Amino acid sequence: MRINRRQFLQTASAGGLMLANAPLPAFGNLTGRLDRRAVVRRHQPMVTQFDPFSALSVGNGEFAFTADVTGLQTFSAECEKPFPLCTTSHWAWHSTPLPAGLDPKDFHYKDYDTYGRTVGYATDATGQEPLFKWLRENPHRFHLGRIGFELKTSNGSPASAGDLKSIRQTLDLWRGWLESSFEFAGRPVRVQTCCHPGLDLIAVHIESPLLAEGRLRVRLAFPYASSGMSMADWSHPERHTTTLARPEKNCADFARKLDATEYAVRLQWSDGAELAQRAEHEFLLGAKTDPALEFACLFSPKPFSGKLPDVARTQSAAEKHWRQFWNDGGAVDLSGSSDPRAAELERRIVLSLYNTALHCAGSLPSAETGLLCNSWYGKFHLEMHWWHSVHFTAWNRFKLFEKSLVIYERILPLARDTARRQGYHGARWPKMIGPDGHDSPSSIGPLLIWQQPHPIYYAELSYREQPNQKTLARWRDIVFESAEFMASYAGFVPKRNQFVLGPPLKTVSENTDALTTVNPTFELAYWRFGLRVAQTWRERLGLPREPHWDQVLRNLSPLPVQDGVYLMQEGLTDTYTKWNWEHPALLGALGMQPGDGVDADNMRRTALQVRDTWQWDRSWGWDFPMAAMAAARTGQPELALDFLLLDAPKNRYLPNGHNFQRTNLPAYLPGNGGLLAAVAMMCAGWTGGPNESAPGFPKNGQWPVRHEHLRQWM
């Protein structure tokens, strides 16, 4: 789907509802505090019919519970393929037993010629398919347990989603509560669901005459683990165990064991209800005579002792947590804008803030589907860590990003081992990992390099947040080891008198031949950035500049350019006619990055060329904000907005705010994080940019953007 300029502007301008608030002064910013509660509440998701793609989540950054229109996971079977309803946490990982006869130590690497020497990469499954597959799929995240309703029709048969009437569900973003109501068999049902901010616990309040009639009960069921999208295998009850204990009145403990994985679940409920076991891994909680029922359910890696917080305390804690979240950090108000796209952009901003707080602000980097369901077995991709979470810094919520940065300290020894095994210095960061830090074999992943400067970028953000010796000491080894690998990876070609990147190399776009790829634009610029900043860190620490790093910086190949526009990689002169699909990563060299080695005029022309020639139906959710950032930095705010809101298949945002990509990737958090990154840059500007408010928004009088407490980008 190539779009010419006219089509681009038409599709980008289509749709959206104008917000009704009175216009604000043009480019107004700080004339009084924003009414943040009003901004948030006008975009609260409201659901009035069953739709798997309207599933809503509550969570706390470490744990998430995703529900259907009933406020629980009642119709999980209907949602399993389109948008699974899962309960999961950052500590919830499982590995299937290693098949007999396999040993990870026996894995063999494929050899690649690298400027006269051999380097091994984990890219070839030939002759070791079972081990290759096992290493990719393990460990994987899993579904901790399904909590839903058992609804019975008058003849005793299970209800279907179509039996529900008068559905009305609202996610109260300001309080973090999910409020659901519906009618079944002519009886009303009202449900409140929320998550505790400090515990992996959901609390639920239910009101319905169906409770006392015995036609509505809460069903708690436990599956075996699966590496698939749904995280659950319900067909093998013999592979796991659930042991029930009743330590006190109105309380049950479930000890769960799945192979080597063990965890605990505690259920606590209000008076007037009782728990019964129906099957080996299935339990029913029902009221005896009371038309109301409350319960709290905690999931934990170890058994929990003590009384759980009840519904009222959990709701109060959740409300305090989310009120503080919305009041702290940055905010944007587009209510005075007359451009018809403003309402949709503001909706995407608000819901992206909520969804990234749930899924990208935990102690581990986010998987691409966060804590919703499994993508790539639930493992996280370190090259995408930037797109998931860097925006927290610009939105003045650095602590939400900082929690996941500890992964680099933890896996530094493994990164060093990889570099040494390949004959390089320093540390080579992996691509796709679980919490153990071991890189997953792949025909593509081990050949990527664009994640390598990321930790240097994060270290610089950390120093800007806290410019002190403690920060320098914490990041010193990570910065230096990252740069040391980068300098040793660059190959010197005497006849060019230049250092080059690749081959072998897989670019950001992953769509060209690793054996012939050399000097991609994005990676060359990022190499310059990383080595430049690493030298600055040496100077901050009172150390001399590293001579070899300077040698590479001085002699690194220039960014490939032809006729005043950048190419994806050196020699790829048909960039805009043959390779114009997947990620237009060349735009990231001045957008996501500050532009080391980039000519701004060339990049301005490049953005226009990408606009006119790219196959946007074959792009990904974070490509649109990446392009917007490049357009903003090159003084093209109208183009930035058009990129950001381009009508393309993977730039859709569902009613729940998730960025849909394809059937097995119904949510894509890099799109949400990228959108927030671009908006922050367009509002607060960037180092060396125009000294004005909202420099990335058009100056046509239609975008009087109000924002506060956003931080300027590098």
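The values are calculated or read from the model by the stated rules, or taken from the named source; none is laboratory data. The structure displayed is predicted, hence computed values, not measured ones. Backbone-built Cβ (ideal geometry, glycine too); neighbour counts: all protein chains shown.
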Name every residue in the range 458-499 that is β-branched (Val, Ile, Thr) and under 24 Å from residue 712 (Cβ atoms), in order of residue number. 471, 479
Among residues of the range 662-688, those that are more than 18 Å from residue 395 (Cα to Cα) and more than 21 Å from the chain's Cα centre (by Cα), counted: 1
So which helices (runs of 4 or more DSSP H) stay within the range 28-144 end to end and still have 3 or more residues that are touching a residue at least 60 places away in the same chain (Cβ under 8 Å)? 36-41, 129-137
When the residues of the range 301-326 are narrowed to those that are under 23 Å from the mean Cα position of the chain (by Cα) and more than 30 Å from residue 638 (Cα to Cα), which ends up surrounded by the most Cβ atoms within 10 Å (Cβ to Cβ)? 322
Which condition number does residue 190 fail, the rest of (1) free of Cβ contacts under 8 Å to residues at least 24 places away in the same chain; (2) part of a helix (DSSP H, G or I) being met? (2)
Any residue in the range 500-511 that is assigned to a helix (DSSP H, G or I) and crowded, with 24+ Cβ neighbours inside 10 Å? no
What pairs can you find where one residue is in the range 391-417 and closer than 16 Å to residue 476 by Cα and β-branched (Val, Ile, Thr), the other is at pLDDT below 95 and in a helix (DSSP H, G or I), and their Cβ atoms are less than 7 Å apart, with a gap of 6+ or different chains? none
Which numbered condition residue 418 misses (of (1) under 18 Å from residue 366 (Cβ atoms); (2) in contact with a Lys or Arg (Cβ under 9 Å, 6 or more places away or on another chain)): (1)
Scan the range 165-183 and give yes if some residue there is assigned by TED's automatic domain parsing to the domain that holds residue 305, in contact with a Leu (Cβ under 6 Å, 6 or more places away or on another chain) and among the aromatic types (Phe, Trp, Tyr), otherwise no. yes
Residue that is in the same structural domain as residue 678 (by TED's automatic domain parsing), at pLDDT 95 or above, of a type outside the set (A, V, I, L, M, F, W, C) and under 23 Å from residue 384 (Cβ atoms), where the choices are 642, 596: 596
Pairs returned, first residue in the range 309-329 that is touching a residue at least 24 places away in the same chain (Cβ under 8 Å) and over 17 Å from residue 193 (Cα atoms), second residue that is surrounded by 16 or more Cβ atoms within 10 Å (Cβ to Cβ) and of a type in the set (Val, Ile, Thr), beta-carbon separation under 8 angstrom, 6 or more apart or interchain, are 326/40
Give me the residue from the range 161-188 that is surrounded by 21 or more Cβ atoms within 10 Å (Cβ to Cβ) and touching a Pro at 6+ places or on another chain (Cβ under 9 Å) and, out of that set, nearest to residue 292 (Cα to Cα). 182
List the helices (runs of 4 or more DSSP H) inside the range 365-472, counting only whole elements, that have at least 3 residues being under 24 Å from residue 527 (Cα atoms) and of a type in the set (Ser, Thr, Tyr). 454-465
Those residues of the range 602-632 that are buried (at least 24 other Cβ atoms within 10 Å of the Cβ) and of a type in the set (Asp, Glu) come to a total of 1
Looking at the range 113-150, which of its residues are loosely packed, with under 14 Cβ neighbours inside 10 Å and of a type outside the set (D, E, K, R)? 115, 116, 118, 126, 127, 130
If you scan the range 645-677, which residues turn out to be at pLDDT below 95 and surrounded by 24 or more Cβ atoms within 10 Å (Cβ to Cβ)? none
Scan the range 568-580 and give yes if some residue there is surrounded by fewer than 19 Cβ atoms within 10 Å (Cβ to Cβ) and acidic (Asp, Glu), otherwise no. yes
